[in-house]
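Single-structure report; data block below.
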Amino acid sequence: MEDIKVQMLEEFKKIFGDSDNVRVFFAPGRVNLIGEHTDYNGGHVFPCALTIGTYAAVRRRDDRELNFYSLNFPDKGVVRTSLDDMRPKEDDSWTAYPKGVIWAMQGRGMDIPAGLDMLIYGTIPAGSGLSSSASLEVLTGEVLRSLYGLKDVSNIDLALIGQYSENNYNGMNCGIMDQFASAMGKKDNAIFLDTSTLEYEYAPIALKDACIIVTNSNVKHSLVGSDYNTRRAECEEALSELKKVVDIKSLGDLDEDTFEANKNVITKDNCRARAKHAVYENRRTIKAVEALKKGDVISFGKLMNEAHTSMSVDYAASCPEVDVLVETAWKIDGVIGSRITGGGFGGCSVSIVRNDSVETFKERVAARYKEKTGLTADFYVVSIGDGPREL
Ligand code: GLA
């Protein structure tokens, strides 16, 4: 981290002239272990923050200008705007995320008295489903909180502000999971979050003989304007039909039996299938965390496998490439569980693999993936890190 801080300061100097009074911040990405597409259905999720994420070197200005530069998008150059002109613009590109957060904080009546120069560097592969956008949102919130002394803003507020800006400024109707995981991350722990109440509990991930591996299909998933919003709408349609026969607020209120007994009230096949996933996935997540607490990693892995099938078949939110990654993993000795992670439609799988099988896992998955798709997969052994902070 020290090295990266020095590098960030040097880069800041190159772009903005000098690095006097510049501060450096970080916010993590996340990987979700189980509980997919449950967060906007009032269900449970079980993500953890990563040690990869997004960095900012930032300095408060005396005027109201906002100047953004990303080392990941050098072609865009310095993108300039002002605190007095926060409307979304066509050429905002990546700056729509920090701008959205500033806009959301202003909207909450927070005093942002001066502009800033901000240089960004992200270590999460874009479009991988590891929440590069949420980490940038939480990072911006952390920067503003620190620079402008917004002491009353909690980390949960940072998550809610990030989600609000993503929903209302960026047009992506995401749930709270990604921003919550980034804002509330804790080293070596996953977060068991009830998205209907925001009650949460940390669960230590001590896998003794195994590790968590994220495999990137390198099939980019772009959730803005994608099938994600459609899935959400399908769940809402199913919920409104179910509400006519059962007294529930969200799909997360249903257990499997009550769903089965009432599912025929849902008229469209696709909506029934999406609701089935949401209900069963929420229950699986609760069971998986119970298993993990008892040290039963094998049951946890089985539930991960079931979760993948449900995501792929009932939710239609996988893709052929990630299915190859997961189905290959299932056949390898030493793989305890494997599934697609994140919003889907591309991105990454997450697998629990015994330490003595990691090399075989990488070799076999890489070879099979290349053979079936012509693409190259990337592998990352996950380290679970802390939430946002100043370096
Ligand atoms: C994306 C969204 C999250 C969540 C997941 C699916 O990552 O941002 O809110 O819905 O997809 O679990």
Quiz item: Can you spot a residue in segment 337-358 that is without any contact (Cβ under 8 Å) to a residue 60 or more places away in the chain, in contact with a helix residue (DSSP H, G or I) (Cβ under 8 Å, 6 or more places away or on another chain) and among the β-branched types (Val, Ile, Thr)?
Solution: no
Exercise. Filter segment 34-88 for residues that are of a type in the set (Gly, Ala, Ser) and open to solvent by 10 Å² or more (accessible area, probe 1.4 Å) and give the result.
Key: 42, 77, 82
Quiz item: Name the residues in segment 178-202 that are touching a Lys or Arg at 6+ places or on another chain (Cβ under 8 Å) and open to solvent by 10 Å² or more (accessible area, probe 1.4 Å), would you?
Solution: 178, 185, 196, 202
Practice problem: With respect to residue 331, determine if the residue is farther than 24 Å from residue 133 by Cα, touching a strand residue (DSSP E or B) at 6+ places or on another chain (Cβ under 8 Å) and basic (Lys, Arg). | Solution: no
Quiz item: Under the condition of being within 16 Å of the ligand (Cβ to nearest atom) and in a loop (DSSP other than H, G, I, E, B), which residue from segment 100-127 is surrounded by the fewest Cβ atoms within 10 Å (Cβ to Cβ)?
Solution: 126
Quiz prompt | Pairs, first more than 21 Å from residue 311 (Cβ to Cβ) in segment 224-249, second of a type in the set (Asp, Glu) and modelled with pLDDT of 95 or more, C-beta under 9 Å, six or more apart | solution = 246/253; 247/253
Quiz prompt | Members of segment 78-106 found to be small (Gly, Ala, Ser) and modelled with pLDDT of 95 or more, listed by number | solution = 82, 96, 100, 104
Practice problem: State whether one or more residues within segment 160-172 are touching a residue at least 12 places away in the same chain (Cβ under 8 Å), farther than 27 Å from residue 22 by Cβ and open to solvent by less than 10 Å² (accessible area, probe 1.4 Å). | Solution: yes
Quiz prompt | Selection within segment 264-296 - more than 23 Å from the chain's Cα centre (by Cα), closer than 13 Å to residue 352 by Cβ and in a helix (DSSP H, G or I) | solution = 291
Self-check item: Within segment 343-366, considering residues that are within 19 Å of the chain's Cα centre (by Cα) and at pLDDT 95 or above, the one farthest from residue 29 (Cα to Cα)
Solution: 352
Practice problem: Answer yes or no as to whether residue 208 is away from the ligand (no atom under 11 Å from the Cβ), of a type in the set (Lys, Arg) and modelled with pLDDT of 95 or more. | Solution: no
Practice problem: Residues being outside any helix (DSSP H, G or I) and open to solvent by less than 20 Å² (accessible area, probe 1.4 Å): count how many of those fall in segment 128-149. | Solution: 4
Quiz item: Of all residues in segment 157-187, which are at pLDDT below 95 and away from the ligand (no atom under 11 Å from the Cβ)?
Solution: 171
Quiz item: Do any strands (runs of 3 or more DSSP E) lying entirely in segment 300-391 carry at least 1 residues that are open to solvent by 10 Å² or more (accessible area, probe 1.4 Å), on the phi < 0 side of the Ramachandran plot and not basic (Lys, Arg), and which ones are they?
Solution: 335-341, 378-381
Quiz item: Is it true that some residue in segment 91-105 is in contact with a Gly (Cβ under 9 Å, 6 or more places away or on another chain), among the hydroxyl-bearing types (Ser, Thr, Tyr) and closer than 29 Å to residue 311 by Cβ?
Solution: yes
Quiz item: If you go through segment 239-252 one residue at a time, do you hit one that is under 17 Å from residue 314 (Cβ atoms) and open to solvent by 40 Å² or more (accessible area, probe 1.4 Å)?
Solution: no
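Which of the following residues is small (Gly, Ala, Ser) and closer than 21 Å to residue 381 by Cβ: 329, 291?
When all the criteria are applied, what remains is 329.
The values are calculated or read from the model by the stated rules, or taken from the named source; none is laboratory data. Bear in mind the structure is a predicted one, so any value in this text is a computation, not a measurement. FYI the Cβ positions are ideal-geometry reconstructions off the backbone, even for glycines, and counts take in every protein chain you see. These area figures cover heavy atoms from the full protein model, side chains too; ligands, DNA and RNA do not enter into them. Shrake-Rupley method; radii C 1.70, N 1.55, O 1.52, S 1.80 Å.
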